[in-house]
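Participant: One structure coming up, written as structure tokens, with questions to follow.
The values are calculated or read from the model by the stated rules, or taken from the named source; none is laboratory data. Since the model is a prediction, treat every value here as computed from it, not as a measurement. A quick note on method: Cβ atoms are made from the backbone with ideal geometry, for glycine too, and the neighbour counts reach across all protein chains shown. Heads up: the accessible areas ignore ligands, DNA and RNA and are worked out on the full protein's heavy atoms, side chains in. Shrake-Rupley method; radii C 1.70, N 1.55, O 1.52, S 1.80 Å.
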Amino acid sequence: MGAPMPALFRRPVVLWTALAAALAAAVITVLIVVPGDEGDSSYLDSEAPIAERVEDLLGRMTIEEKIGQMTQVAVPAIEGVPSDIRNLGIGSLLNGGSDALHDTPEAWAEMIDGFQREATDSRLGIPLVYGIDAVHGNGALPGAVIFPHNIGLGAAHDPGLAAQAAAITAAETRATGVHWTFAPCVCVARDSRWGRTYESFGEDPGLAVDYAGPVVEGYQGEDLAANTSVLATAKHYAGDGGTAYGTSTTEHYLLDQGVTTLTEEALRAIHLAPFKAAVDAGVGSVMASFSSTDLGDGPVKAHADSYLINDVLKGELGFDGFVVSDWQGVDQIDGDYAKAVRTAINAGIDMVMVPFEYRRFIDTLLAEVDSGGVSEERIDDAVSRILTQKFALGLFEAPFVDTTGAADIGSDEHRAVARHAAAASQTLLRNDDDLLPLAGDEAIYLAGSGADSLGRQMGGWTASWQGTVDAVTEGTSILAGIEEVAPNAAITYSEKATEPIGGADVGIVVVAEDPYAEGIGDAGAGEHDMRLSEADAAAVDTVCAAVACVVIVVSGRPIELTSHLAEVDALVAAWLPGSEGAGVADPLFGGTPYGGRLPVTWTRSNDQEPMNAGDPIYDPLFPLGFGLQTG
Ligand code: GLC
């Protein structure tokens, strides 16, 4: 039996008042509980439409959790304190430059799953999205197939082949647990002295438009949740390939991250058109450019350009994915960090690649929301865009890595496609007396820095940001490819042509650029000058003076070599052919025809740059679209 009721509550008016107060308290409790702690979790209903799941989840999130989703952090900045992922609700991680942090898919999976457990242990269990620069194969994984860089794929004039390369890259990337690649660069390189020329499909916006859609579809596949698909990124928005020499806003650079000065009409025709194609193909993310555009009223940093991002990209073009900043790109807007953050987010940046001082970013954006500098509506828009892609990636249903595709990484089938892409990109610029194709039983004298250098033929963004001359992954050098394709040839290899040339029937000199990336590759900015190295120049002069010779150029762009051509009988632009050097040998010996055509103008000298087809003065060594065909 319960305790007797106190005398005070025996009076009816007091009793009813107490009951009413208790009922009111109960109702208020239900109304003020922190969002997300109660009710059906329809955002976890995989059958519900994504838009409904986003709306439900957004309604449960605190402002801190929302801003956490807008924060992308580099692994080195957080691996020591992974609980920050859970506690701050970090939305994304990356490792910059396709750095090969681990050398097996399993090790990658273990690392990413470890971070993902932190994320899914958070209050609402929102999974991370992990991104890398898998821009020509999964350059972060030794043993993955490395395709020709975009400049070579552009020379092949085969968007379908580029789409195949993207699809294989996606499969060899997702199998390691990475969900997102910062590719394709749909930049249009208008000055070949730019260190990122090789990341473009060339100077012709029409070519970039032709490639953008198929390549995005290659990466993203039919179903973004499949373990063979990755989220793609059209980059860098906008006008990164049109900067003027010497206008870089970054120390030691000359072109990269500079100012693109042109009319809005020209900007749309040259640099925006490929982004429209990417958006129409359903690209899920766009990366802002470090560069600035000057349409007549002075330069505007792309990261701060509300007109181009909000009005054009999201408004006019209807882009419904999310815009990610570039690496510390927000910091470049203004020395006042709060102003920089406010400006970037209001300009339409949805996720910030901080990527180190993530607490500072979070605290700064929180303060901006508190002060009204950034509206909650803007935050909700950004987070909705990000969550939409995470639901599409299937991360809520399957947040942990599915490595079943790892067995196909580096497979013969994948390598065959890469070899075909390398062969199709080979561009024959001279062939006196039909020297090529060779018969394959000649005495061959082989020289040059690119003849036996897997690192040089793969170029930047391979195993590390800048790439390396070393063989950092499996593949075949051009020398190995020649030995495979022409087993009856008698090859004398001497990189610097110091060995006697003797009775060679033909000389092959493979000249090469050393790898580079971004502004470090800007011609004239440092050791990369778009000219033959002394050793390669000497090898060309020595070999070609002595015997019929073929010069093969392994480079990310045209190289100034006019003064060394007099004795050259055949000239091939090999571009950056990737891990399958046999693809360079195939057309050399007639296994496949030469069919590549220049995706950029090949000038007589660097001083002619920028020179593009359609210019009033156009007098190059080889024009855009030039390429000799064989068999
Ligand atoms: C770099 C590049 C960008 C790349 C990003 C992440 O600075 O500009 O293309 O995706 O950082 O590595």
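Participant: Tell me the residue from Gly507, Gly519 that is within 16 Å of the ligand (Cβ to nearest atom), at pLDDT 95 or above and among the small types (Gly, Ala, Ser), please. Show your work before the answer.
Facilitator: On the way: Gly507 fails: within 16 Å of the ligand (Cβ to nearest atom).
Only one candidate passes the filter, namely Gly519.
Participant: Next question. Only residues that are among the acidic types (Asp, Glu) and open to solvent by 40 Å² or more (accessible area, probe 1.4 Å): list them for the range 75-117, please.
Facilitator: Looking only at the range 75-117, we keep the residues that are among the acidic types (Asp, Glu), and these are 79, 84, 99, 103, 106, 110, 113.
Of everything in the range 75-117, those that are among the acidic types (Asp, Glu) and open to solvent by 40 Å² or more (accessible area, probe 1.4 Å) turn out to be Glu79, Asp99, Asp103, Glu106, Glu110.
Participant: Return the only residue of Gly502, Gly467 being surrounded by fewer than 20 Cβ atoms within 10 Å (Cβ to Cβ), in a loop (DSSP other than H, G, I, E, B), assigned by TED's automatic domain parsing to the domain that holds Leu438 and at positive phi. Full working, then the answer.
Facilitator: On the way: Gly467 fails: surrounded by fewer than 20 Cβ atoms within 10 Å (Cβ to Cβ).
Answer to the check: Gly502.
Participant: Only one of (1) assigned to a loop (DSSP other than H, G, I, E, B); (2) open to solvent by 10 Å² or more (accessible area, probe 1.4 Å); (3) among the hydroxyl-bearing types (Ser, Thr, Tyr) fails for Thr542. Which number is that?
Facilitator: (1)
Participant: Looking only at the range 471-488, how many residues end up being at pLDDT 95 or above and either among the basic types (Lys, Arg) or crowded, with 20+ Cβ neighbours inside 10 Å (or both)?
Facilitator: Final tally of qualifying residues: 9.
Participant: Quick check on Glu264: is it open to solvent by 10 Å² or more (accessible area, probe 1.4 Å) and under 19 Å from Val417 (Cα atoms)?
Facilitator: Working: open to solvent by 10 Å² or more (accessible area, probe 1.4 Å): yes; under 19 Å from Val417 (Cα atoms): no.
Answer is no for this residue.
Participant: Got at least one residue in the range 505-521 being under 30 Å from His252 (Cα atoms), assigned to a loop (DSSP other than H, G, I, E, B) and either in contact with a strand residue (DSSP E or B) (Cβ under 8 Å, 6 or more places away or on another chain) or among the small types (Gly, Ala, Ser) (or both)?
Facilitator: Here is the first cut: in the range 505-521, the ones under 30 Å from His252 (Cα atoms) are 510-521.
From the residues that got through so far, the ones that are assigned to a loop (DSSP other than H, G, I, E, B) too are 513-517.
Okay, now just the ones that are also either in contact with a strand residue (DSSP E or B) (Cβ under 8 Å, 6 or more places away or on another chain) or among the small types (Gly, Ala, Ser) (or both), so 513, 517.
Among the residues of the range 505-521, at least one is under 30 Å from His252 (Cα atoms), assigned to a loop (DSSP other than H, G, I, E, B) and either in contact with a strand residue (DSSP E or B) (Cβ under 8 Å, 6 or more places away or on another chain) or among the small types (Gly, Ala, Ser) (or both), which makes the answer yes.
Participant: For the range 612-626, give me the residue count where each residue is under 17 Å from Ile559 (Cα atoms), open to solvent by less than 50 Å² (accessible area, probe 1.4 Å) and assigned to a loop (DSSP other than H, G, I, E, B).
Facilitator: Step one: of the range 612-626, the residues under 17 Å from Ile559 (Cα atoms) are 612, 619-626.
If we keep only those that are open to solvent by less than 50 Å² (accessible area, probe 1.4 Å) as well, we get 612, 620-622, 625.
Filter once more, keeping what is assigned to a loop (DSSP other than H, G, I, E, B): 612, 620-621, 625.
Looking only at that region, the number is 4.
Participant: Something else: Does any residue of the range 579-601 turn out to be surrounded by fewer than 23 Cβ atoms within 10 Å (Cβ to Cβ), outside any loop (DSSP other than H, G, I, E, B) and not assigned by TED's automatic domain parsing to the domain that holds Ala269?
Facilitator: Scanning the range 579-601, I find no residue that is surrounded by fewer than 23 Cβ atoms within 10 Å (Cβ to Cβ), outside any loop (DSSP other than H, G, I, E, B) and not assigned by TED's automatic domain parsing to the domain that holds Ala269, so the answer is no.
Participant: Across the range 326-347, what is the total count of residues that are open to solvent by 40 Å² or more (accessible area, probe 1.4 Å) and among the small types (Gly, Ala, Ser)? Before the answer, list the steps.
Facilitator: Step one: list which residues in the range 326-347 are open to solvent by 40 Å² or more (accessible area, probe 1.4 Å), which gives 327-328, 331-332, 334-336, 339, 342-343, 346.
Next cut, among the small types (Gly, Ala, Ser) only: 335.
Going through the range 326-347 one residue at a time, the tally reaches 1.
Participant: Hey, another quick one. Please verify whether Val323 is part of a helix (DSSP H, G or I), in contact (Cβ under 8 Å) with a residue 12 or more places away in the chain and either buried (at least 22 other Cβ atoms within 10 Å of the Cβ) or within 16 Å of the ligand (Cβ to nearest atom) (or both), treating the condition exactly as stated.
Facilitator: Values: part of a helix (DSSP H, G or I): no; in contact (Cβ under 8 Å) with a residue 12 or more places away in the chain: yes; either buried (at least 22 other Cβ atoms within 10 Å of the Cβ) or within 16 Å of the ligand (Cβ to nearest atom) (or both): yes.
Here the answer is no, as Val323 does not meet what is asked.
Participant: Which of the residues spanning the range 292-320 are assigned to a helix (DSSP H, G or I) and touching a residue at least 40 places away in the same chain (Cβ under 8 Å)?
Facilitator: Filtering the range 292-320 down to residues assigned to a helix (DSSP H, G or I) leaves 302-304, 306-316.
Across the range 292-320, the qualifying residues are Ala302, His303, Ala304, Ser306, Leu308, Ile309, Val312, Leu313.
Participant: Condition first: aromatic (Phe, Trp, Tyr) and either surrounded by fewer than 21 Cβ atoms within 10 Å (Cβ to Cβ) or out of contact with any Asp or Glu (no Cβ under 7 Å at 6 or more places or on another chain) (or both). Now tell me which residues in the range 267-292 satisfy that. Walk me through it before giving the result.
Facilitator: Here is the first cut: in the range 267-292, the residues aromatic (Phe, Trp, Tyr) are 275, 290.
Within the range 267-292, Phe275 is the sole residue that qualifies.
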